[in-house]
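Notes to accompany the following structure.
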There are 2 protein chains.
Amino acid sequence: MAGNLSTPGASVASRVFALLAAFDAEHRALSLTALAERAGLPLATAHRLAGELVGLGGLERRADRYVVGRLVWDLGLLAPVQVELRQVAAPFLHDLYAATHATVHLAERAGAEVLYLDRLSGRATVPVVSRVGGRLPLHTTGVGKVLLAHAPDDVQRAVLADLARVTPYTITQPGRLREQLRRVHREGFAQTVEEMSPGACSVAVPVRHGPDGQVVAALGLVVPDLRRGRARLIAALQVAAAGIGRSLPAEPSSPGGLPLSESSR
Amino acid sequence: MAGNLSTPGASVASRVFALLAAFDAEHRALSLTALAERAGLPLATAHRLAGELVGLGGLERRADRYVVGRLVWDLGLLAPVQVELRQVAAPFLHDLYAATHATVHLAERAGAEVLYLDRLSGRATVPVVSRVGGRLPLHTTGVGKVLLAHAPDDVQRAVLADLARVTPYTITQPGRLREQLRRVHREGFAQTVEEMSPGACSVAVPVRHGPDGQVVAALGLVVPDLRRGRARLIAALQVAAAGIGRSLPAEPSSPGGLPLSESSR
DNA sequence: AGGTGGGTTCCGCTCAGTGGGAGGATCGGG
DNA sequence: CCCGATCCTCCCACTGAGCGGAACCCACCT
């Protein structure tokens, strides 16, 4: 991985991806200048390349802003990001939503963050910051705590060593969080109370799979209040999680692995 | 845009996208040779570029196959492909599903095809070929007929001039289809009976928006049989479509359909 | 007017990209 | 066991695609 993209030695491909990767959830539309800056490319280069990408469908131009193009959307949907899991889980997520009318989350761990694989939300009764494809800290979300509790030691250590504060209720003391993680193991669920966003609480359970009960994902609900009906939510979650785990194909396949369809013309 | 990618004159960017665009719904995983062939690149070039893309996250290597990488998935989710519409529509789609337990579709027109923006399907009772991000012909699907009925003249003409047969029931006579499109306008809904896949019927209604009632999308249901309960399905669809239209923000952030000529794929 | 901050275009130098071809690995059939 | 087929990896000398500083344009300020 070369250093500065504007220095000779950087490949065109890396520059192309630098341009694309300049976009994120907070920057869905960028002016040429912003794009160049965020991509670390000279203005003229960014301009030429961006123009080329627009022609190829990788970017789109909206007035004086660039946005990610349709082709990328198309292609992204082909990426084997837990397709199997998401497919299998979808009906269970619906069931959960129907039963609770809460925001439903399906997530996996990606490094030291939660990666949201799917989300169902009714008309927002609670402010929810998650986004399909979005990442959030492990220690501030219900699904995150579940995943963290079942993560390898080194991940736990790394996360516990740096607990960023998000709200006044965010748990930032390693000791307290570690105790909570132990409880997750003991009780089979995790919860948060306004630790990610004010006014939002969550419960979550692991999705286990295979004979060894490997935790492959987490299933969570976000609600305005946990004081009433928590037991009911957990019960619903556990039923759904069990159903998902049971419905997953036996083969412990590579992460996200799926029918690797036949090749050739 | 140039022809053969392996001839000098093709830009690196175009080669990169040729590699990515070599993947489609039927080819989610490709061997190097297949990849090179489908991208129209010399093997050595494909090898080197693909390797580079793997390093950048644009591709992923699974054993001896390449698949679309996570980065592209991430980025694709940022593409402004009717985000607003999909977001607004989501709860209504759930409602529809809850009410009917049929497969629910939200689609827009992309050139001379239907582009599926969202889909809910319970445990498959009916074989459904659609896929989020997938495209199907306008004349063989319920949502397609709705969108076609409200498409500009030139699109209608182009589509009517070439009605491919998909099943024995596919309508291939321009006259009959034209008559049906008139009925769509008159009656406010479209239907298909095994015209796309055997054993599947569909109904669909337009989603209108704004003071002029512009058709911005179509909402459809797929069921095994329309003889019973069609009226009920249509009623549900119309309520949902009206709700979506009403909930959309005043200014449609992006144009409904793409120009007919554009062929980004 | 002059200034500022965006976007666009130009063009000659040069190094990144190219791809034919050699070589390796793996398989399976004779 | 050899041999051919198939697929992947690597090398390297040639060259034209890509680069980006600089000039320019334009809209909108003061």
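Some values worked out for this structure:
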read-out	value
Carbon plus sulfur fraction of accessible area for the stretch B:83-247, probe 1.4 Å, in percent	51 percent
Copy-to-copy label separations for B:Ala63, where each label sits 7 Å from Cα toward Cβ, in nm and ascending	5.0
For chain B, with +1 on Lys and Arg beta carbons and -1 on Asp and Glu, the positive-most of B:Ala151, B:Pro42, B:Gly243 along the dipole	B:Gly243
Kirkwood hydrodynamic radius of chain A, from inverse mean 1/r over distinct Cα pairs, in Å	20.4 Å
At R0 = 51 Å, FRET efficiency that the Cβ-Cβ distance of A:Ala242 and A:Leu32 yields, to 0.05	0.50
Those residues of the stretch A:61-75 for which accessible area with every protein chain present is at least 20 Å² below the isolated value (1.4 Å probe)	A:Arg62, A:Val68, A:Arg70, A:Leu71, A:Val72, A:Trp73, A:Asp74, A:Leu75
Accessible surface, per residue, of the stretch B:148-256 when the full set of protein chains is kept, probe 1.4 Å, Å²	52 Å²
Acute angle (nearest 10 degrees) that the helix B:230-247 long axis makes with the longest principal axis of chain B, alpha-carbon atoms	70 degrees
Where A meets B: accessible area buried, both sides, 1.4 Å probe, Å²	5700 Å²
Charged-residue dipole, Cβ positions (Lys, Arg, Asp, Glu), the stretch B:83-247 about Cα centre, Debye nearest 20	360 debye
MRE, 222 nm, helices only [DSSP H, n ≥ 4, -39500 (n - 2.57), over chain B, to nearest 500]	-12000 deg cm²/dmol
Minimum 30 Å² accessible area buried by the other protein chains, the stretch A:83-99 residues, probe 1.4 Å, relative to alone	A:Pro91, A:His94, A:Tyr97
Modelled FRET efficiency - R0 22 Å, A:Ala164 with A:Asp24, Cβ distances, 0.05 increments	0.80
Crossing angle, helix B:43-56 versus chain B [Cα axis fit, 0-90 degrees, rounded to tens]	70 degrees
Share of pairwise Cα separations in the stretch A:123-172, more than 15 Å, in percent	52 percent
Position B:Gly229, label points 7 Å along Cα→Cβ, spacing to each other copy in nm (shortest first, one decimal)	2.7
Cα centroid of the stretch B:159-218 to Cα centroid of the stretch A:128-179, whole Å	50 Å
Carbon plus sulfur fraction of accessible area for the stretch B:12-76, probe 1.4 Å, in percent	56 percent
Accessible area of the stretch B:40-117 divided out per residue, in Å², using a probe of 1.4 angstrom	32 Å²
Relative contact order [Cα under 8 Å, 6+ residues apart], the stretch A:12-76, whole percent	30 percent
Taking N as its residue count, the alpha carbon Rg of the stretch A:1-91 over 2.2 N^0.38 Å	1.24
Using a Förster distance of 45 Å, the FRET efficiency for A:Arg232-B:Asp64 (Cβ separation, nearest 0.05)	0.40
Other copies of A:Tyr169: label-to-label distances in nm, shortest first, labels 7 Å along the beta-carbon direction	5.3
As computed over the protein assembly as shown, the Cα convex hull volume per residue (Å³)	167 Å³
Distance between modelled label sites at B:Glu179 and B:Leu43, nm, 7 Å Cα→Cβ extension	5.7 nm
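The values are calculated or read from the model by the stated rules, or taken from the named source; none is laboratory data. Just so we're clear, the structure is a prediction, and the values are computed from it rather than from any experiment. As a convention, Cβ positions derive from the backbone with ideal geometry for all residues, glycine included, and neighbour counts pool all protein chains shown. We work out accessible area using only protein heavy atoms, side chains counted, and drop any ligands, DNA or RNA first. Shrake-Rupley method; radii C 1.70, N 1.55, O 1.52, S 1.80 Å.
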